[in-house]
Structure formats: C-alpha cells, structure tokens
Amino acid sequence: MSTSQSTTSSTVRSRSAPAARRRRNRGARHGGWGFAFFAPFLVVFVVGVAAPLGYAAYLSLFQDRLIGGTVFVGLENYRRALGDELFRAGLWRVLLFLLVQVPVMLGLALLAALAVDSGRLRRPGLFRIGVFVPYAVPAVVASLMWGYLYGDRFGLAGQIGDFFGTRLPDLLGPDWMLASIGNVVTWQYTGYNMLILYAALRTVPTELYEAAALDGAGEFRKAWSIKLPAVRPALVLATVFSIIGTFQLFNEPNVMQSLAPNVVSTSYTPNMYAYNLAFNGQQFNYSAAVAVVLGGVTAVIAYAVQLRSMRKGQGA
Amino acid sequence: MSPAPSRRRRLAALVPAAALLLGLTACGSDGSASPAVTDPAAALDTPTTLTFWTWAPNIDKTVALFEQKYPKIKVEVVNAGQSATEYTKMQTAIKAGSGGPDVAQVEYFALPEFALSKRLVDLKQYGAAGLESKFTPSAWSQVALNGGVWAVPQDTGPMAMFYNKKVFDELGLQPPTTWAEFEEAAVKIKASDPNRFITSIDPGDAGGLDSFVWQAGGRPFQQKDATNVAVDLQDPGSKKVADLWSSLLQRKLVDAAPGWTNEWWQSMDSGRYAMWLIGAWAPGNIASTIPNTAKDWRVAPMPQWSKGDKVSAENGGSAVAVPTSSKHQAAAAAFAIWLNSDPEAVRSLNENGLFPATTGLLTDPGFLDEPLEALGGQQANRIFADSSATVGTGWQYLPYQVYANSVFKDTVGQSANSGDLNAGLSAWQKRIADYGNQQGFKVTTP
C-alpha cells in the first residue's frame with residue numbers, strides 16, 4: 001500500500017513540476033484550471049489511499065481488549081510486532097520465496113518475450129495468449145485447481161505416481177508447500193510479465209537491428225546487446241511489482257491451508273497473519289500495526305531494488 | 001446440520017487484511033437502541049421485519065411456518081457466511097451499532113465469547129428460563145452461562161461411531177466398543193491394506209479433538225468468573241486422548257488429513273477410511289456427498305475408555321441468539337423461542353436435517369424408530385438419542401474459543417506431522433494463555 005502511495009506521489013511531483021514552470025512563465029492564469037483537472041484524482045487519492053492508510057496508522061496506536069475496552073497504547077503494538085516471532089517467520093518465508101520464485105518467473109517471462117519478439121515462432125499470437133491466459137484465472141480458482149492436481153492420492157500427482165508404480169513426494173507436505181505455491185504464482189504471472197517485457201521490446205527501433213545485422217551480429221548477439229538493455233527499465237518495473245506481490249502473498253497459501261492445515265499455519269505469510277489477527281482474533285489494532293510494518297518493509301525493499309537498478313542502468 | 005464444513009471453507013472470506021482497515025470506519029457503539037415493544041406477545045402482533053443470519057440448510061421452510069402463524073412478522077433469512085465468517089461480520093456490526101441481524105445462528109463454542117462481552121440479549125427477560133425442561137441438559141448447559149440465557153438451542157451433535165460395514169464384514173471385524181478394541185481394529189485394518197486406515201484425524205479441526213477430550217472426561221477450559229480463566233490441556237482426559245492418537249499417528253494407523261476436502265470424501269467413498277467419529281448430524285452429509293456408498297455405513301455407540309461405561313460428548317451444534325444491536329429484541333426473542341421449541345417447528349427442523357436438541361423429540365417413538373435411508377435403513381436415531389442422554393457434564397468453552405480454534409492448526413495441527421500431540425497441545429495452551437492475557441483476562445495454566 002505504502003509503495004503504491006510513494007510511487008504515485010512521485011509521479012504527481014514529476015507531473016506538477018513542468019506545470020509550475022509554465023505558471024512562472026505565463027502568469028498564474030491557468031493555475032486554477034490545473035487544480036480543477038487535478039482535483040478528481042486528488043479526491044480519489046485522499047479517499048481511497050491516504051485516508052485508509054492514515055486510519056490504519058491511527059488504529060495501530062490503540063488496543064481493544066475483550067476485558068477493559070479500548071485504550072491508547074502509543075507504539076506498544078509496533079514494539080510487539082518487531083519482536084513477534086510468528087510475524088518474523090512469515091517475513092523470512094516470503095523473503096525466501098522472493099529470492100527464488102521471482103528470478104525464475106521473470107527469467108521465464110523474459111525468455112517468452114524474446115521468443116515472441118524473435119518472429120521465429122509459428123503461431124506467435126497463440127503462444128502469447130496461451131502464456132497469458134493463466135493471468136486471467138482468478139488466484140483462488142488457480143490455487144484450488146493446482147491444489148487438486150497436487151493431491152497425492154486422487155489428484156494428478158497421485159495418478160502419475162500410480163502410473164509409474166511409485167509415490168511422488170507429497171507436494172502439499174511441509175517440505176514442498178512453498179515450492180508448490182511458487183509454482184502456482186509462476187504459472188499465473190509469467191504471462192503478465194511477458195507482456196510488460198514484450199511491450200518494451202516493441203519500442204526498439206528496427207534500424208538498430210538492421211545496423212546490427214550489417215555489422216554481422218547474429219540473433220543471440222542482438223538479444224544480448226540490444227534487446228536486453230532495452231527491456232532493462234521494464235524488467236525493473238516487473239521486479240518491483242513482483243516484490244510487492246510477494247510480500248502480499250495471500251490467496252494461494254490461504255486456499256492451500258484448507259487442503260493442508262497441518263502445513264500452512266495462520267501466520268504462514270505476513271499478510272495472512274494480519275488477516276487472521278483481525279478476523280479470527282478480533283485484534284484489529286495489532287493487525288493494523290503488522291500491516292503498517294509490512295507495508296514499510298515492502299516499500300523499503302522495493303525502493304532499494306529500484307534505486308540500485310537505476311543507478312546500475314545509468315552506469316552502463 | 002453440519003457446523004464442520006465452515007471451518008474449512010474459508011474461501012468466502014478471502015479479503016486481504018487491508019480491506020478490513022478500509023471498511024472499518026464506523027467504530028462508535030450506540031447499539032443500545034431501546035426496543036419499542038417489550039412484551040413478546042404484543043411484539044408478535046406488531047408489523048415487523050426481522051433479519052435472521054443463519055447457514056442452516058432449508059431453514060426457510062421452518063421460517064415459513066412461523067410467518068404463516070404470525071403473519072405480521074416478516075423474517076428475512078440471510079446467509080452471512082458460516083461460523084467464523086459470520087461471527088466476524090456480527091462482531092463488527094454489533095460494534096458499529098447497525099447492519100447486524102435481529103436473530104443469529106451461533107455455534108455453542110462461540111456463544112461464551114458473545115455472551116461475555118454482552119453482545120447478546122439475555123433471553124431470560126423474554127421468558128426463556130421456563131424452556132429449560134424442554135431441552136437436553138447438555139444443550140441447555142451450553143446456552144445458560146453466568147446466570148443468563150443467551151440463546152435457544154437449535155440442534156446438537158451427540159457423538160457416534162459411523163463405520164463402513166462392508167469393510168468391517170470383509171475383515172470379520174465387529175465395531176469396537178472400547179478404545180482398546182478400536183486400536184486392535186486399527187491394526188487389523190492397516191494390515192489388510194497399507195493404504196487403508198480405520199479413520200482420519202483432522203489437523204485443522206479443534207472441535208473434533210475437543211469432543212474426544214470431552215468424552216474422555218477432560219475439562220481443559222474453565223471459566224472461573226468474568227476475568228479468570230484456567231486452561232489445562234494436559235489434564236488426565238486430554239492426555240489420555242493425546243497419548244492414544246499420537247501412538248496411532250506414529251504407527252500410521254490413522255491418517256492425518258483435513259476433512260471435507262474432495263480427497264477426504266473420496267477416501268470415505270472408496271473404503272479407504274473405515275470409520276468416522278462425529279456428531280449425529282452427519283447422516284445427511286453422508287447421504288448427499290457419497291450417495292453410492294452411503295448404504296454401506298452404519299452407526300454404533302462411541303468406543304468407551306472403560307468397558308461397560310456409557311459416556312458420550314457433543315460435536316458441533318448451534319443455538320439461536322438475539323444480538324443487543326437488534327431494534328426489535330422482543331419480536332426477535334419470541335421468534336427464536338418459537339423456532340426452536342414449538343413442537344411443529346422442531347419437527348420441521350429435524351425433517352430438514354438438524355439433529356434435535358429437545359427432549360420431546362428425542363423421546364418421541366416416531367422419531368426413534370424412523371429408519372435412516374442413508375444408513376441402510378438402520379434405526380440410528382436410537383443410538384444418537386442414547387448418546388445425547390449420556391453426554392458428560394461440566395464441559396466449558398473459552399470466552400474466546402473462536403480465536404483459540406483458529407490457531408489449533410498452527411500448534412496441534414503441526415504436531416500431527418511428527419505424531420506428538422502432547423507437544424502440540426502444550427503449544428496450543430501457550431497461544432491460548434498469551435492471547436487471553438493480552439485481552440485482559442487472567443489466564444492460569446498448571
């Protein structure tokens with residue numbers, strides 16, 4: 001949440017900068033109009049983003065007890081959240097997920113985008129749709145579907161095991177659960193990321209390829225020296241989106257929980273923890289504090305990645 | 001009626017935590033609207049629309065009977081989600097003072113939580129105290145708490161042993177009468193086929209384990225007064241149950257698998273599980289979910305800890321309560337009382353799949369002798385009624401059982417992997433005590 005806020009406000013800032021310059025140049029005549037055009041966005045932003053965030057931050061300063069009612073506790077909820085082992089375990093889990101799943105997914109997306117862009121596929125439209133379609137399947141449905149496939153008795157995994165006369169590892173067991181969830185997320189979002197990267201590839205002027213071809217560059221050389229640098233900003237964008245998505249991991253593990261309650265706990269991911277605190281424990285205030293801390297961690301990591309890649313990009 | 005699927009089917013509630021923070025803008029509590037009419041008889045004669053939150057299937061048929069009898073009252077039946085989903089919505093609505101139901105289905109395990117925080121109307125003021133003799137003692141003891149009557153019992157789930165007769169006959173086994181015999185049967189069933197289990201244990205279902213502990217004489221949750229709570233999940237009853245099931249799990253004689261999933265029902269259907277120890281509300285679920293093999297299933301009394309004993313426990317079951325935020329409390333109370341105690345209504349509830357909570361129906365020969373089609377025509381109601389009459393007394397739930405049950409899978413559920421349920425119970429006890437102390441209770445543990 002916080003990340004979307006910070007990116008939005010930075011766009012706002014960069015957009016209003018030329019407007020300010022214009023005002024200085026041509027007087028303040030258009031200032032009122034500018035604000036009028038800007039107002040609808042501002043209203044939606046305040047009502048839809050700023051106010052709920054502020055309210056969550058406000059809630060996080062209280063404690064509502066079954067005995068004793070609501071009391072102001074200052075930063076007590078934050079102190080508790082920072083020392084909360086369940087919260088920390090969830091954070092480490094999504095961090096591990098982030099380090100493994102996001103590179104795999106973006107690598108696959110990049111390969112798919114390069115394949116579509118190479119013009120060598122027989123039915124590029126079909127391929128593109130095929131990779132993208134899982135994104136159109138709601139996460140809950142996708143998780144349910146994969147959950148059945150993973151079933152080691154009556155699911156596909158069980159049937160494959162039977163066919164080869166062996167037992168596959170229990171994909172819903174404690175050792176494999178995170179990987180199984182990673183597979184669902186990868187299946188779902190590879191197509192989406194492929195489209196972002198493919199769109200970036202389409203903006204490369206064809207003259208560059210012609211020049212490279214004249215210089216004797218092959219397809220791989222072109223991909224390495226022209227296409228990869230060209231998709232770099234899009235790749236950073238996709239990475240930031242994926243980081244945010246990973247920290248907010250919720251639907252997939254929550255659905256898997258009903259299939260493997262002995263593996264997926266109520267604090268499996270930080271978002272599930274916040275949800276269960278609020279909805280099963282009536283601890284809305286503590287849940288708000290956890291959500292704020294989670295938002296902060298997400299924003300810091302996403303911003304750090306963005307900064308670092310941008311700096312690298314400038315250096316190259 | 002099955003309260004159980006609710007605990008698993010969380011899909012209806014897939015809202016990220018953030019959404020809650022956006023939606024929860026109304027926090028004032030002006031739910032103390034004084035009802036216009038306080039006399040139930042007069043209230044039933046005043047044109048009123050009541051909102052009734054329930055997930056009991058087909059209950060609209062019984063509600064229709066009420067509307068015929070009291071045409072001035074209109075009852076709007078709303079399914080606001082099952083179990084914890086409904087309770088969360090209700091807590092929020094009561095806090096907000098509007099948008100909540102006038103009448104609501106609440107499972108027994110969740111009732112103390114609502115009653116203690118004074119979010120339900122004490123139905124004594126509407127004559128509910130006089131109903132005691134109509135209900136089974138175990139049902140009544142679960143709604144009469146702290147000197148008040150907080151709901152009217154709707155259905156109960158006295159425990160029984162459902163077993164697949166075909167599997168038992170095939171192996172020449174008799175249904176076990178004691179837990180020792182149960183263990184012997186478990187060994188024989190496993191020996192006949194390594195893929196077959198006597199039954200499964202659900203690592204996500206606190207209610208199932210609670211019922212076993214209840215039957216074994218454990219009373220792990222004790223509310224001493226408004227703020228003092230004692231928790232002992234290693235009392236002799238709890239320990240007996242945990243020892244038995246740990247041993248069964250370690251020897252892979254029972255399957256640790258969540259119930260109600262597709263895989264689980266397939267296991268029931270295929271004879272992979274030979275038994276299901278559950279409340280008397282189950283025949284309807286068996287008949288509707290595995291219609292092809294339902295006729296193979298029979299009912300026997302619960303296995304006993306000592307030979308010749310007759311002790312049972314409850315599993316699931318609901319009552320009907322009136323939240324304090326209702327603007328029509330008198331009419332709502334009158335409706336809740338009629339719906340669950342009028343003979344005509346009670347029979348209708350039973351016909352629509354709810355196992356009765358009233359002694360009137362539980363001793364009615366017509367009810368007792370009715371052959372249950374789902375169970376190959378067995379007169380199973382006799383066994384259920386016997387079970388109901390022998391439910392162990394003195395069981396209590398925590399004043400925050402909804403939360404406690406939600407972290408069962410984090411603690412006891414995880415311990416099912418290693419097969420050391422005692423360790424899981426200790427971890428659960430710690431989470432329960434921590435939460436209680438944070439909430440302002442004084443929780444004592446041994």
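So here's what we get for this one:
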| quantity | calculated |
| --- | --- |
| Residue count for the stretch B:50-65, restricted to those that are within 15 Å of B:Val320 (Cα to Cα) and either crowded, with 19+ Cβ neighbours inside 10 Å or touching a residue at least 24 places away in the same chain (Cβ under 8 Å) (or both) | 11 |
| The stretch B:424-444, residues that are farther than 16 Å from B:Phe109 by Cβ and either facing chain A (nearest Cβ under 9 Å) or touching a strand residue (DSSP E or B) at 6+ places or on another chain (Cβ under 6 Å) (or both) | B:Gln429, B:Ala433, B:Asn437, B:Gln438, B:Gln439, B:Gly440, B:Phe441, B:Lys442, B:Val443, B:Thr444 |
| Residue match in the stretch B:384-395 (condition: more than 14 Å from every other protein chain (Cβ to nearest Cβ), within 30 Å of B:Gln91 (Cα to Cα), aromatic (Phe, Trp, Tyr) and part of a loop (DSSP other than H, G, I, E, B)) | yes |
| All positions within the stretch B:284-317 that are assigned to a strand (DSSP E or B), in contact with a Gly (Cβ under 6 Å, 6 or more places away or on another chain) and of a type outside the set (Asp, Glu) | B:Asn315, B:Gly316, B:Gly317 |
| Unique residue being crowded, with 24+ Cβ neighbours inside 10 Å, out of contact with any His (no Cβ under 8 Å at 6 or more places or on another chain), under 21 Å from B:Gln215 (Cα atoms) and not acidic (Asp, Glu) when the list is B:Val143, B:Val106, B:Val121 | B:Val143 |
| B:Leu253 being over 26 Å from B:Glu107 (Cα atoms), aliphatic (A, V, I, L, M) and either surrounded by fewer than 22 Cβ atoms within 10 Å (Cβ to Cβ) or more than 13 Å from chain A (Cβ to nearest Cβ) (or both) | yes |
| Neighbours by Cβ (under 7 Å, 6+ apart or cross-chain): first from the stretch A:65-79, under 25 Å from B:Phe114 (Cβ atoms); second of a type in the set (Val, Ile, Thr) | A:Ile67/B:Thr227 |
| Number of the exception - B:Trp428 against (1) crowded, with 24+ Cβ neighbours inside 10 Å; (2) more than 30 Å from B:Gln91 (Cα to Cα) | (2) |
| Hits in the stretch A:242-260 (condition: free of Cβ contacts under 8 Å to residues at least 40 places away in the same chain and either away from every other protein chain (no Cβ under 12 Å) or not in a helix (DSSP H, G or I) (or both)) | A:Phe250 |
| Members of the stretch B:68-113 that are touching a Ser or Thr at 6+ places or on another chain (Cβ under 9 Å) and charged (D, E, K, R) | B:Lys72, B:Lys74, B:Glu76, B:Glu86, B:Lys95, B:Asp102, B:Glu107 |
| A:Leu277 vs. criteria within 14 Å of chain B (Cβ to nearest Cβ), outside any helix (DSSP H, G or I) and buried (at least 20 other Cβ atoms within 10 Å of the Cβ) | no |
| Unique match (being touching a residue at least 12 places away in the same chain (Cβ under 8 Å) and of a type outside the set (D, E, K, R)) among A:Ala109, A:Ala136 | A:Ala109 |
| Selection count where residues are at the interface with chain A (Cβ under 7 Å from one of its Cβ atoms) and either modelled with pLDDT of 95 or more or touching a strand residue (DSSP E or B) at 6+ places or on another chain (Cβ under 9 Å) (or both), scope the stretch B:411-423 | 3 |
| Evaluation of A:Ala238 against (1) surrounded by 24 or more Cβ atoms within 10 Å (Cβ to Cβ); (2) in contact with a helix residue (DSSP H, G or I) (Cβ under 6 Å, 6 or more places away or on another chain); (3) within 12 Å of another protein chain (Cβ to nearest Cβ) (one fails), failing number | (3) |
| Any hit, the stretch A:212-226, residues being surrounded by 16 or more Cβ atoms within 10 Å (Cβ to Cβ) and within 8 Å of another protein chain (Cβ to nearest Cβ) | no |
| Any chance A:Arg79 is loosely packed, with under 14 Cβ neighbours inside 10 Å, at pLDDT 95 or above, within 14 Å of another protein chain (Cβ to nearest Cβ) and in a helix (DSSP H, G or I) | yes |
| Residues (assigned to a helix (DSSP H, G or I) and loosely packed, with under 15 Cβ neighbours inside 10 Å) located in the stretch A:160-174 | A:Ile160, A:Asp162, A:Phe163 |
| Checking B:Thr359 against (1) under 18 Å from the mean Cα position of the chain (by Cα); (2) closer than 26 Å to B:Ser83 by Cα, the condition it does not meet | (1) |
| Evaluation of B:Ser306 against (1) touching a helix residue (DSSP H, G or I) at 6+ places or on another chain (Cβ under 8 Å); (2) in contact (Cβ under 8 Å) with a residue 24 or more places away in the chain; (3) not hydrophobic (A, V, I, L, M, F, W, C) (one fails), failing number | (1) |
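The values are calculated or read from the model by the stated rules, or taken from the named source; none is laboratory data. What you see is a predicted model, and the numbers here were worked out from it, not measured in a lab. Neighbour counts run over all protein chains shown; Cβ positions are idealised from the backbone, glycine included.
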